[in-house]
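Q: Below is one structure. I have some questions about it.
What follows is calculated from the coordinates using simple rules that are stated; it is not laboratory data. None of the values given here were measured: they were computed from a predicted structure. Heads up, the Cβs are rebuilt from the backbone with ideal geometry, glycines too, and the neighbour counts pull from every protein chain shown.
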Amino acid sequence: MGGTYFDDEQEINPQGLAILRKVLANLFRGEAGDLDADEKLSLAKELVALFKSGFRSEEELNALVKRSPLLTDENG
């Protein structure tokens, strides 16, 4: 792999996609389970943006996405 920055046109390889799917599946079973469909889509977009900005490990992605305002701003 090249550098640590990837633009929006860069494809995500199968290994990267597997990591993203695993992180999302864990979130949707846990903290993000009560989110509506639009909020889940926003969370998925945040996760992909983190991945494309250079965060590649499951641990990094889990830690960073859990800081999302969608998960930390409890309104009920």
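Q: What GluC sites (Glu not before Pro) in segment 9-76 are in a loop by DSSP, with at most 10 other Cβ atoms within 10 Å of the Cβ?
A: Values: sites: GLU9, GLU11, GLU31, GLU39, GLU46, GLU58, GLU59, GLU60, GLU74; in loops: GLU9, GLU11, GLU31, GLU74.
Of the GluC sites (Glu not before Pro), the ones in loops of segment 9-76 whose Cβ has at most 10 other Cβ atoms within 10 Å are GLU9, GLU11, GLU74.
Q: Above 13 angstrom, tally the Cα pairs of segment 12-76 and express them as a % of all pairs, no decimals. Numbers along the way, then the final one.
A: Values: 1229 of 2080 pairs.
Tail fraction, whole percent: 59.
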